[in-house]
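First the structure, in the form of structure tokens, and then the observations on it.
None of the figures in this text is laboratory data; all of them are computed from the coordinates on show. Keep in mind the model is a prediction, meaning the values are calculated, not measured. Here the Cβ is made from the backbone with ideal geometry for all residues, glycine too, and neighbour counts use every protein chain on show.
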Amino acid sequence: MVNPFKPSPLQKLEDEFLREKGIELYVKRDDLIHPEIQGNKWRKLKYNLFEARLNSIHTLLTFGGPYSNHIYATAAAGRLFHFKTIGIIRGEEHEVLTPTLQFAESQGMELYYMDRESYREKDDPTNIESLRTQIGNFYLVPEGGTNALAVEGASEIIEEIDIPFDFICTACGTGGTLAGLVSGLKGKNQVIGFSALKGADTLTPKVSELVNYVTGFGYTNFNINFDYHFGGYAKVNPELIVFIKDFKLKYKIQLEPVYTGKMFYGLFDMIKKDRFPGGSKIVALHTGGLQGLSGYMNYFSEAEIA
Ligand SMILES: *Cc1c(COP(=O)(O)O)cnc(C)c1O
């Protein structure tokens, strides 16, 4: 089995376009960390699992949608590291489970469903208390997995990169991974986040707050680009799908349309528009998330994406 504690590889992309632009581009392949506990979801879970174990808590409870990479990773990690796992899923129970939820169940995760209205209030302390009364004690991993321990886990990505670089890029949802990169860099270089969500204007202050909490410093060497969300979370268009297909043909790297496809699309567009000085060395983080592809097959034919 792949060892999730081993550094993930750094792969250089080479082609005519990048040579002409004078850009050196490397991909940090966190999609290769583990076949099931991929990418940033493992980074974010790691110290949370240590913390649960340290406190002798044997059950993990978390939240997510029916296609959530975080639900998938938590279920797999629970099985691998012997935690009982409970997933509170947004929305109604459907007769046919999504591939993500089928997998989660196969790993032993207990699934409960919460209507959308209650789900919005899920973090309310009285709700958490009532879950504890119903279920018993558990270690709470927030939706998307982002908390201070997650940021610490994600900051370790930086230590693993053994080349000098000028920019590092990541896709953003909750901003936990971005906060980890900023924390790990301690003020050096520039971090660019590509938001997978539309106009999340609370995202930048949230990242600053996480960085401040974890490092004690108010680093400002990051920015979040909102130009490449393609209309919002999980929204796609044919151009994005074509880009993902071409990317796989050219570089033999699979992307998905929710996060990594949008980031790489945005990054290549910025390179095309000369937004990076010639000679720049850029690291792009592949945050994984490929489990979701099987779910998207409900929307696109396999030939369109894979
Ligand atoms: C969850 C996820 C992200 C977003 O990470 P945040 O830390 O929430 O910003 C990015 N890419 C992939 C593949 C993900 O699964």
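What does the charge count near Y219 come to, summing +1 for each Lys or Arg and -1 for each Asp or Glu among other residues with Cβ under 10 Å from its Cβ? So the surrounding residues net to +2.
Annotation: amide H-H contacts under 5 Å for L60 (H modelled 1.01 Å from N, sequence separation of 5 or more, or interchain): K84, T85, I86, Y139. Derived scalar couplings between HN and Hα for segment 275-287 equal 7, 10, x, x, x, 5, 9, 10, 10, 10, 7, 8, 7 Hz in order, rounded to whole Hz, by the Karplus curve 6.51 cos²θ - 1.76 cosθ + 1.60 (θ = phi - 60°), x for Gly and Pro. Applying the Kirkwood pairwise sum to the alpha-carbon positions of the chain produces a hydrodynamic radius of 19.8 angstrom.
Amide H to amide H distances under 5 Å link F222 with V191, where only residues 5 or more positions off or on other chains count and H is placed in the peptide plane.
3J(HN,Hα) couplings calculated from phi for segment 254-259 with the Karplus curve 6.51 cos²θ - 1.76 cosθ + 1.60 (θ = phi - 60°) are, in sequence order, 7, 10, 10, x, 7, 10 Hz; Gly and Pro show x. When each of the peptides 288-294, 95-101 is scored by how many other beta carbons lie within 10 Å of its residues on average, the order from highest to lowest is 288-294, 95-101.
Distance between the 7 Å Cα→Cβ label points at K188 and N127: 4.1 nm. Once the Cβ-Cβ distance of Y233 and S56 is raised to the sixth power relative to R0 = 35 Å, the FRET efficiency obtained is 0.45.
Reported to the nearest whole Å, the Cα centre-to-centre distance from segment 141-184 to segment 52-100 is 22. Between E156 and T202, the distance separating the two model label sites (each 7 Å from Cα on the Cα→Cβ line) works out to 3.0 nm. Approximating the spin labels as points 7 Å out from Cα along Cα→Cβ, the T220-to-Q134 distance works out to 4.5 nm. Rounded to the nearest 20 debye, what is the charge dipole size of segment 40-145 about its Cα centre when +1 sits on each Lys and Arg Cβ and -1 on each Asp and Glu Cβ? Dipole of segment 40-145, to the nearest 20 debye: 640 debye. As a rough guide to protection, the peptides 9-16, 228-235 ranked by mean Cβ packing within 10 Å, highest first, stand as 228-235, 9-16.
Sorted on the mean count of surrounding Cβ atoms within 10 Å across their residues, most packed first, peptides 84-93, 278-287, 124-133 read 278-287, 84-93, 124-133.
Restricting attention to the chain, close to 10% of DSSP beta bridges with both partner residues there are antiparallel. Taking a straight line from the alpha carbon of K250, these lysines sit under 26 Å away, with near neighbours fewer than eight places off in the same chain left out: K12, K21, K28, K235, K262, K272, K273, K281.
Around the amide H of C169, modelled in the peptide plane, lie the amide H atoms of I192, V283, A284, L285, all under 5 Å away and 5 or more residues distant in sequence or on another chain. Neighbours of F138 by Cβ distance under 15 Å: Lys/Arg scored +1, Asp/Glu scored -1, total -1.
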